[in-house]
Each structure stands twice: as C-alpha cells, then as structure tokens.
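Below: one structure, written as structure tokens.
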Amino acid sequence: ALTAKDIEDLAFATTHADLVSYSFVNREADIVALHQALARYGREDLGVVLKIETRRAFLQLPRLLLAAMRYPAPLGVMIARGDLAIECGWDALAEIQEEILLVCEAAHVPCIWATQVLDEMARHGTPTRAEITDAAAGARAEALMLNKGPNITATVRALGRIVRKAHREPLQICRSFLVEQTVDHAG
C-alpha cells in the first residue's frame with residue numbers, strides 16, 4: 001500500500017496537508033507502515049482516510065480500524081465504490097457499501113461515500129434518477145465526494161438539496177408531498 005513514491009509524497013503532505021488519503025490499504029501492517037512514516041516527519045497528528053477499495057480491505061475493515069485507532073491522528077474511511085465494484089463485483093456493491101457504513105457507524109468513524117455521485121449531472125447538467133436516489137442513500141455517510149465537471153456548482157447545490165431532504169423525518173416528507181400536491185391541483 002505504501003510505495004516509495006508515497007513516502008516521498010508524504011514529505012510534501014506532512015508540510016502542507018491536513019490529512020492524507022491512504023490508497024490500497026489492506027492489512028494492519030499497512031497502517032503501521034504509514035504511521036511510522038508520518039512519525040519520521042513528525043506528523044503523528046496528521047489525519048488519515050483509509051480508502052477501502054479491495055475485497056481484502058473490506059474483509060479486514062474492523063481490524064484496520066482497530067489498528068488505526070491506536071494512533072492519535074483523526075481517522076476516516078472512504079468507500080471507493082468504483083474499485084470495490086471491480087474487485088468484488090457490481091452485484092455485491094450495494095451490500096458491501098451498506099456493511100462499510102454500518103461498521104464505520106459502530107466504530108464512530110466518519111465515512112466518505114465516493115465514486116460517481118451525481119456524475120452525470122456534473123458532466124452534462126442533468127442527473128439520472130438512479131443518481132438522485134444514490135445521492136440520497138449516500139446522505140447517511142458523513143461526506144459525499146463529487147467528481148469535477150463543467151456543472152459542478154449546480155451539482156453541489158443539488159446535492160445539498162438532496163441531502164437536506166434525505167435527512168428529514170418520514171412524516172415531514174409525507175406532509176411536504178401532500179402540501180405540494182394540494183397546491184399543484186388547486187392552482
């Protein structure tokens with residue numbers, strides 16, 4: 001997980017960044033190696049986001065979290081759904097991302113829902129219905145990551161509306177819908 005280039009890049013990151021994203025972390029030894037490298041740069045406090053992008057990382061997630069929690073640095077997890085779908089099969093992705101959310105919630109570790117969130121909207125200006133429901137489901141994570149595109153400002157605003165609505169109570173949603181329907185039919 002930690003290449004020679006990564007260690008070289010840590011020299012810059014430890015001086016300029018608030019956190020590092022750790023790609024292809026798979027085992028406890030990967031966590032130890034990263035924190036040893038951070039200690040060499042005097043940045044044991046630098047936040048770490050574990051990118052869960054392989055089958056092994058998914059299966060080892062509780063162990064990875066326990067290993068990372070031994071260090072004082074802030075911790076987060078990114079569900080790297082694109083790589084996970086390739087590794088584990090697209091048909092298993094919904095179940096896997098749900099499990100990661102639950103494990104992170106139980107461990108009180110913030111989770112980032114990543115890969116193709118409202119991607120069609122960011123690139124072409126209009127989201128698909130599937131993207132809208134995906135973004136609403138992702139609202140259960142502490143953060144959603146958008147990819148860049150020419151319509152990113154509108155996409156950020158749309159994501160904000162989707163997330164706010166997703167966090168409302170079911171009774172509020174029903175009442176809002178009924179009011180909207182009544183107004184539509186009356187006017």
Which of (1) closer than 28 Å to Lys148 by Cβ; (2) out of contact with any Phe, Trp or Tyr (no Cβ under 6 Å at 6 or more places or on another chain); (3) assigned to a helix (DSSP H, G or I) is the odd one out, the single condition Thr14 does not satisfy? (2)
Any residue at all in the stretch 38-47 that's in a helix (DSSP H, G or I), aliphatic (A, V, I, L, M), touching a residue at least 24 places away in the same chain (Cβ under 8 Å) and within 21 Å of His16 (Cα to Cα)? yes
Hey, among the residues in the stretch 17-34 that are farther than 11 Å from Val48 by Cα and in a helix (DSSP H, G or I), which one's most open to solvent (accessible area, probe 1.4 Å)? Glu28
Looking at the stretch 16-31, I want the residues that are more than 15 Å from Met69 (Cα to Cα) and among the acidic types (Asp, Glu) and have a partner that is modelled with pLDDT under 95 and open to solvent by 70 Å² or more (accessible area, probe 1.4 Å) with Cβ atoms under 9 Å, at least 6 apart or on another chain. Which pairs are those? Asp18/Pro74
Residue, modelled with the lowest pLDDT, within the stretch 138-155, restricted to residues that are in a helix (DSSP H, G or I) and surrounded by 15 or more Cβ atoms within 10 Å (Cβ to Cβ): Gly138
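Would the stretch 121-133 turn up any residue that is of a type outside the set (S, T, N, Q), open to solvent by 30 Å² or more (accessible area, probe 1.4 Å) and under 15 Å from the mean Cα position of the chain (by Cα)?
Checked against the condition, which is being of a type outside the set (S, T, N, Q), open to solvent by 30 Å² or more (accessible area, probe 1.4 Å) and under 15 Å from the mean Cα position of the chain (by Cα), the stretch 121-133 yields no hits at all.
The values are calculated or read from the model by the stated rules, or taken from the named source; none is laboratory data. Only a predicted model underlies this, so the values are computations on that prediction, with no experimental measurement involved. Every residue, glycine among them, receives a Cβ derived from its backbone with ideal geometry; neighbour counts consider all protein chains shown. Ligands, DNA and RNA are stripped out before the accessible areas are found, and what is left, the full protein with its side chains, is counted by its heavy atoms. Shrake-Rupley method; radii C 1.70, N 1.55, O 1.52, S 1.80 Å.
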